[in-house]
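Chemist: Below you will find the structure I want to go over with you.
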Amino acid sequence: MAGIAIAGNPNAGKTSLFNHLTGAAQSVGNYPGVTVERKEGVARFNGRRVSVVDLPGTYSLTAYSQEELVARNFIIEDGPDLVVDVLDASNLERHLYLAIQIMEMGAPLLLALNMVDVAKRRGIQVDHAKLSELLGVPVVPTVGSKGTGIKELLQRCIEAIDGKVAVSPRAVTYGHEVDEEVDTLAELATGVPLLVARYSPRWLAVKLLEGDPEVEKKVAELGGEAAPALLEAARKAVKAIERHCGDDCSTVIAERRYGYAAGIMRECVTLTGEAREMNTDRIDRIVCNRFLGPLILVGVVAALFFTVFKVSTEWAWVPWFGGWYAPVDWVEWFFERLADAVAGLEPRAPILHSLISDALIAGVGGVLGFVPLIFTMFLLISALEDSGYIARVAFILDRVLQTFGLQGKSILAMIVSGGLGAGGCAVPGVLATRTLREEKDRLITMLVAPFMNCGAKLPVYAMLIAAFFPHRHTQMMLLLWAFSWVVALCAAWVLRKFVIRGEQTPFVMELPPYHVPVLRSLLLHTWERTWMYVKKAGTIILAINVLLWALMYFPQPPDAANVSARFQAIVPSHASEAEQAANALAHSYAGRFGRALEPITQYAGFDWRTNIALVGGFMAKEVVVGTLGTVMAMGDVEPGQSETLSQRLAGDPAWNPLKGFALMIFVMVYAPCFVCMAVIRRESGSWKWALFSTAYSTIIAFVLTVLIYQGGLALGLGIP
Ligand code: GDP
Ligand code: MG
């Protein structure tokens with residue numbers, strides 16, 4: 001005979017439902033060895049007989065009370081065909097806490113949404129279809145005292161037992177720091193056959209993290225040789241979580257469960273009339289409000305950017321050798337000194353000097369120059385994350401972003417990448433996609449985040465706007481900001497539709513309780529993230545830099561006379577030092593490459609000089625300004641001091657505003673820089689997506705630029 005176990009909080013209405021299901025066919029006894037009452041009966045439906053057990057009422061499934069142990073062991077040891085969890089719809093959040101724990105056990109589950117009459121009277125409306133969709137288990141509304149819904153309940157139970165409806169609950173999520181540990185432990189546990197034969201690996205993992213003594217005992221008993229390693233891994237995981245969250249691990253997990261329950265409530269429960277006044281979560285009422293929420297969001301993000309840029313690049317607050325520096329300037333100062341230190345090499349070993357100063361120092365300096373910015377950004381974003389606010393942001397924007405194939409939490413990555421037009425960086429942006437659990441959502445976000453206007457694109461925009469749109473600075477920046485979002489959202493939509501296809505699975509967004517972040521764990525966490533950036537990105541960009549340097553350095557023109565003969569069309573003879581540099585560049589592999597591309601890129605309005613600059617921009621977008629300066633025979637142009645290059649471009653008959661605009665759009669959209677590419681590779685786990693990202697964005701950039709340039713020409717804008 002198939003068996004059903006009825007679980008639930010005390011007073012949820014279990015016994016009432018049990019009585020309706022079994023009628024008079026009941027027996028009462030005790031569970032072996034304990035004084036907990038055991039009630040059993042038989043339900044009949046269309047000639048079928050199903051045994052029903054009324055489990056003791058519990059609020060939780062820890063190992064602290066006899067009732068909890070009895071209920072939990074019954075579900076594990078007796079393995080009923082179905083667990084019916086009775087929830088009080090008028091008090092849903094608290095009752096979901098137990099339901100979530102049964103979900104963790106991976107037991108076949110059906111929810112009886114009881115007391116819907118009381119809920120209705122109190123103005124609480126529960127969308128049970130949505131609840132069922134979110135949790136992946138059937139939900140049947142009932143009124144236990146009157147017997148309403150009993151027939152449907154029994155029918156659904158039979159269908160569930162017969163395998164006609166899905167009863168496997170979705171995996172509960174606890175926020176990414178905890179989830180990562182749960183995944184690792186669960187995977188370890190999967191390797192122990194005696195354990196997985198009995199327990200769900202994820203449940204074991206969660207219980208080990210909670211330090212459940214019963215489970216630890218069982219692991220030691222059944223785990224055999226694997227037990228010590230598993231228990232040790234669990235201890236380490238507990239430490240990692242406690243270090244990050246600054247709180248006891250079992251408390252953290254309990255909190256995350258409440259967060260999960262709160263997320264379900266937000267999705268499935270509508271409050272009408274005075275019930276709204278009973279809602280205790282006053283902060284969420286304001287923060288998640290449909291109108292106020294987005295306004296607060298804009299305020300918070302604006303404040304974030306203001307602080308990040310002030311602290312890391314504008315306010316001079318780091319004392320150093322009698323002066324005060326902004327952290328970014330301090331790093332720059334350091335690398336300038338380094339460059340000075342090797343300057344003596346130049347006459348003796350020009351190639352070595354160029355390698356050290358142009359490729360190594362400039363390259364590493366370029367990467368490390370971002371560190372103060374990234375550190376501050378990570379620190380503040382970690383603080384927002386730990387406080388619980390980011391979860392609300394994702395919640396507010398979820399619906400809009402889903403239309404485009406993204407999801408609520410994608411917004412974090414987009415903002416970090418520069419989604420506010422105020423500058424950011426796609427490298428931490430791609431890292432921020434870690435908060436997305438769904439692999440496809442993660443990939444899509446990672447592929448569109450680099451379209452945002454990161455800090456490295458700003459010098460290019462600044463230079464070109466100064467050259468061609470000197471009186472429209474604000475309008476142009478706004479236009480570029482809007483353009484980046486249009487491209488990103490359209491790309492996301494297309495990717496979801498044609499490339500990374502798949503239904504977006506409904507999921508619960510955890511709404512963890514608000515918290516004051518713990519400074520120590522914030523700093524630690526931020527340091528870990530920053531160090532990873534320095535280490536991984538630093539090694540890769542270094543290698544790429546040396547390569548690009550070689551391409552722009554070799555082969556050297558044989559001698560000046562010879563060069564002016566061969567490149568007379570490009571540079572006049574009697575070249576100045578700056579012209580000689582341009583000359584050498586034209587002669588290098590990079591120069592030849594730029595010329596080879598010209599027949600294609602001319603449709604977008606780019607000549608060979610622009611091509612070289614753009615190839616340099618693959619390394620880092622701000623390189624475009626410097627390289628363009630070099631090829632325009634201006635000598636090295638620092639991104640900050642580009643006025644002269646702007647004037648030069650404005651006066652050059654080969655240039656016009658249309659070309660300038662096309663170039664800005666190309667720089668915005670084409671390939672993410674190498675650091676970002678390396679991070680995409682790391683985070684997506686394969687070069688395939690890194691290369692795809694580079695290829696598809698460069699193609700989109702080219703198509704867009706050709707459309708803009710040719711369209712502009714057709715409209716009579718710009719002189720060819
Ligand atoms: P248990 O502790 O989970 O076994 O809960 P009981 O079945 O003993 O029910 C507790 C109380 O709630 C009893 O007074 C029931 O009559 C009442 N009750 C059960 N279900 C409902 C319901 O759906 N609506 C209302 N209004 N009362 C209910
Ligand atoms: Mg009872």
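The values are calculated or read from the model by the stated rules, or taken from the named source; none is laboratory data. Predicted model, so just to flag it, every value in this text is computed and none were measured. Cβ coordinates were reconstructed from backbone atoms using ideal geometry, including for glycine residues, and neighbour counts include every protein chain displayed. For accessibility, only protein heavy atoms count, side chains too; no ligands or nucleic acids. Shrake-Rupley method; radii C 1.70, N 1.55, O 1.52, S 1.80 Å.
Chemist: Ranked from the most accessible area to the least, with a 1.4 Å probe and all protein chains present, what is the order of Asp54, Asp386?
Modeler: Numbers: Asp54 10, Asp386 35 Å².
In descending accessible area the options line up as Asp386, Asp54.
Chemist: Another question about this same structure. DSSP loop chymotrypsin sites (Phe, Trp or Tyr not before Pro) in region 1-84 with at most 14 other Cβ atoms within 10 Å of their Cβ, which ones? Don't skip to the answer; put the middle values down first.
Modeler: Details: sites: Phe18, Phe45, Tyr59, Tyr64, Phe74; in loops: Tyr59, Tyr64.
Passing sites in region 1-84 are Tyr64.
Chemist: Then there is this: Please give the charge dipole size of the chain, origin at the Cα centre, charges +1 on K and R Cβ atoms and -1 on D and E Cβ atoms. Round to the nearest 20 debye. Please list the in-between numbers first.
Modeler: Numbers: 62 positive and 67 negative charges, 306 e Å.
For the chain, the charge dipole is close to 1460 debye.
Chemist: Where both partners of a DSSP beta bridge lie in region 3-161, what percent of those bridges are antiparallel, to the nearest 5?
Modeler: Numbers: 13 of 31 bridges.
The antiparallel proportion sits near 40 percent.
Chemist: Considering only the chain, what is the antiparallel percent among its DSSP beta bridges, to the nearest 5?
Modeler: Numbers: 19 of 38 bridges.
Expressed as a percentage, antiparallel bridges in the chain total about 50.
Chemist: Could you list the trypsin sites (Lys or Arg not before Pro) in region 207-267 that lie in coil according to DSSP, counting only those with at most 15 other Cβ atoms within 10 Å of their Cβ? Write down the numbers at each step before the final one.
Modeler: Working: sites: Lys207, Lys217, Lys218, Arg235, Lys236, Lys239, Arg243, Arg256, Arg257, Arg266; in loops: none.
Here no trypsin sites (Lys or Arg not before Pro) fit, given the DSSP loop and packing criteria.
Chemist: Another one. Remind me, relative contact order of region 47-167 in percent, using alpha carbon pairs under 8 angstrom and six or more residues apart?
Modeler: Values: 152 pairs, mean separation 24.5, N = 121.
RCO, region 47-167: 20 percent.
Chemist: Explain nothing, just the number: relative contact order of the chain, from Cα pairs under 8 Å at least 6 residues apart, as a whole percent. Provide the component values of the computation, followed by the final result.
Modeler: Numbers: 1138 pairs, mean separation 67.5, N = 720.
Here the relative contact order equals 9 percent.
Chemist: For the chain, take the longest principal axis of its alpha carbons; what is the angle in degrees between that and the long axis of helix 389-403, to the nearest 10 within 0 to 90?
Modeler: It is inclined by approximately 80 degrees.
Chemist: List, in the order given, every pair from Lys39/Lys146; Lys130/Lys688; Lys236/Lys310; Lys239/Lys409; Lys239/Lys497 whose Cα-Cα distance in the structure shown is over 31 Å.
Modeler: Result: Lys130/Lys688; Lys236/Lys310; Lys239/Lys497 exceed 31 Å.
Chemist: Quick check on packing: order 129-135, 452-458 by the mean number of other C-beta atoms within 10 Å, highest mean leading.
Modeler: Numbers: 129-135: 18.4, 452-458: 24.0.
Taking the mean over residues of other Cβ atoms within 10 Å, the ranking is 452-458, 129-135.
Chemist: By how many degrees, between 0 and 90 and to the nearest 10, does the Cα long axis of helix 519-532 differ from the longest principal axis of the chain?
Modeler: 50
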